[in-house]
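Coordinate-derived values only; no laboratory data. Owing to the predicted nature of the structure, the values given are computational and were not obtained by experimental measurement. When we count neighbours, we look across all protein chains shown, and the Cβ atoms used for this are built from the backbone with ideal geometry, even at glycine.
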Amino acid sequence: MSEAISDETLIQQTQAGNQQAFATLVTRYERYAFTLAFRVVKNREDAHEVTQDAFLRAFRYLPDFRGESKFSTWLYKIVYTTSLNFLRKKSPDIQSLDDENRPIQLENDGVPDASYAMEQTDRNAALQNAINHLSSGDASIITLFYLYEHTLEEICQITELTMTNAKTKLCRARQRLKVIVENSFTAELV
Amino acid sequence: MEKNFKLTNEILWDYADGFLNEEDKLRVDAYLRQNSAKQTQLDGILSEKCSFSTLPLEKPNAGFTQQVMTAWTAEQTAKKAPVNVKAIERDWVLWGIAAAFGLIIVLPFLLSPSAAPSDITLQIPEQYMPQVQVPTFDWAGFMNGASLRNFLLLTLTFMGLKLLDKYLQVRNLHLSGH
């Protein structure tokens, strides 16, 4: 029945020293946190390490959590930052998480997308695969907005982007994603 | 329907994502009412958005929560142990060494004539005054004395051992990955 307990209650119990309450929070958010870390670091083992580290940091800093944002937003910010730090440690010369050099095909308005014609299950598989082929920055913003249904304001809090930048990045990420899905669909047909 | 208004795919996505302001939203609504092709395109976009939200989440290894809690307990144990027992022990040793050094510095001053009461001469009968010897302190003897040398040697040895102990503690922490 742990799902019935609100995040706020669990946070208060954790702040009062109840470790089991934090364990419930970890269970509740482990898949979301792991998915976000996986989108950034692109490797299951690394994502596992990053997610565990992020939860430990969250536990450490939970006494400072004042509830000014949603717990999920606060947690994802920790996961996102920990993932970025992990990537920077792994590849110190990394400049950007974005794939600005990858060309985006111009869309042909009015022509139905090839992806629309796909079956739902095929589309899910293609989407999942395409997200994995996106850059870390694109994959995380797509995941936060469409999968976790966070608002643009919350995404700005997590990623520390400005509203304009976040919106532009989301738009470009979506276009790149569409190109990858369509290419994979075309490749399957050939 | 406005003649200059062109409903692009991007505007449709912004409409679906809720990024448009009220005025633009009404304009798109009006356009869609009179253009079924665009409405179909919007339906496709909404279906695409629906696909995003139904994507399965990645799953961490089994027992992930337990691993996090175990790591947390290990972290807390590593933090608490030296603070509760060893640190207090070390504090006493350091305070002892500091007190010994303080005593070495202060002791000569306590033994020196300036430490004597200033009105002591008034209590001595005048006929004995020339015979009174002013107390002096043998600084050279004190500094060169075997007991002080031994004491300093012992203190330095003790501090050396404490430094070695500290080094080994740090090395053990690194080896255990904390």
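Among the residues of B:41-53, the average count of other protein chain beta-carbon atoms within 10 Å of the residue beta-carbon is 5. Rounded, prolate or oblate, given the Cα gyration tensor of the stretch B:9-53, with a/c below 1.5 counting as rounded? Because a/c hits 1.5 or more and a/b fails to exceed b/c, the stretch B:9-53 counts as oblate.
Given the pairs A:77/B:6; B:6/B:49; A:70/B:25, which span a C-alpha to C-alpha distance of over 30 angstrom in this model? From the list (A:77/B:6; B:6/B:49; A:70/B:25), the Cα-Cα distance tops 30 Å for A:77/B:6.
Highest mean packing first, where packing is the average number of other Cβ atoms within 10 Å per residue, the peptides B:52-60, A:25-33 line up as A:25-33, B:52-60.
This model, with +1 at the C-beta of Lys and Arg and -1 at the C-beta of Asp and Glu, gives the stretch A:115-189 a dipole about its Cα centre of some 260 debye.
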